[in-house]
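Just so you know, all these numbers are worked out from the coordinates, no wet-lab data involved. The structure presented is a predicted model; accordingly, all values stated were derived computationally and were not measured. Cβ placement follows ideal geometry from the backbone for every residue including glycine, while neighbour counts extend to all protein chains displayed.
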Amino acid sequence: METHATVRQAPGREAIRTSAIALFAEKGFAASTREICERAGVTKPVLYHHFKSKDRLYQRLLEDACEVSRRELGAASRRAKTARERLVEVFTADFALTRRNPALSLLFFRMMFASRKAEPAIDYVAMGMDWLRLVAGIIREGVRRGEMKGRPMEIAEAFLGIHTIYTMGYLLTGEPALGRPLARRIVNLVLEGCGK
């Protein structure tokens, strides 16, 4: 069984992961095992020892990234008291994840828009719904406490739409700077509107 502990201890495994993320971000699932192995400096038997197949490697990269994201965003959502500040914390944490590993973020965007025939069967909708439910839950609590008004799911969708545009801009052009000031501007824009 693959665990996070074995990920850190296995020789070659991290090099495979890093190389695969970069190549999948560049080429999508069309990146070959040969290319991954060459970039990682390992042989195909080493790759298959750790991941069994290219499909499994791809799936594992996405599953691990989603788990890290869930854990870090969940922790961020508990760092503040008000719904507004909790949203700022969550978006700041997500921006930090993107800055820390832009190739992995690019891989997520690539997989969302890739042909379903070309890649392993992964439930992309479920992955996105976890993120949406976290944001909607914070908003729902804010509405319950009287901190804000509106339909939590619609507000969450608006937040994630704006967040996605800024993240894609950063990945494609390096702008805008992803961080707390931008997270706060996004939260203020959605919660206060354009009229002020």
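Data for the structure
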| read-out | value |
| --- | --- |
| Cα-based Lys pair tally, the chain, threshold under 22 Å, eight or more apart or on separate chains | 10 |
| Whole-Hz couplings from phi, Karplus 6.51/-1.76/1.60, listed for the range 163-178; x for Gly and Pro | 4, 5, 4, 5, 5, 4, x, 4, 5, 8, 10, x, 10, x, 5, 8 |
| Label zone at residue 32, where the point sits 7 Å out along the Cα-to-Cβ direction: the range 53-83 residues whose backbone N lies under 17 Å | 54-55 |
| Förster-model FRET efficiency, 25 Å R0, residue 67 and residue 149, C-beta, rounded to 0.05 | 0.15 |
| 222 nm mean residue ellipticity, helices alone, for the chain (DSSP H n ≥ 4; -39,500 (n - 2.57); rounded to 500) | -24500 deg cm²/dmol |
| The range 4-192: C-alpha gyration tensor shape, a/c 1.5 cut-off, then a/b vs b/c | prolate |
